[in-house]
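Below is one structure; the comments refer to it alone.
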């Protein structure tokens, strides 16, 4: 019977079983986070954006020529420095 914890097995050849388990868990977490981010930014309506999804809100304002959603030279240089 499983209580939700990972089953422990003896390490095989220096811990390769553990490495595979950690890699699989990391990949699963990355998949879950990516799905959440896509839902949050593309499908979930936000009250502060007049109940639009952020991607739709940004696309609408970019089509209208809004400069507030574009990077200025100063913002671009700040982003490059952080990278």
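Estimated from the Cβ-Cβ distance and a Förster radius of 22 angstrom, the FRET efficiency linking residue 38 and residue 63 is about 0.55. When peptides 54-61, 17-24 are ranked by their average number of other Cβ atoms within 10 Å per residue, the highest-first order is 54-61, 17-24. Extension gain, residue 30 to residue 50: 0.36 nm times the residue separation minus the Cα-Cα distance gives 4.2 nm.
We did not get these values from a lab; they are worked out from the coordinates using the rules stated. This structure is a prediction, so every number in the text was calculated from the model and none was measured. Quick reminder, even Gly has a Cβ in these numbers, built from the backbone with ideal geometry, and neighbours come from all protein chains shown.
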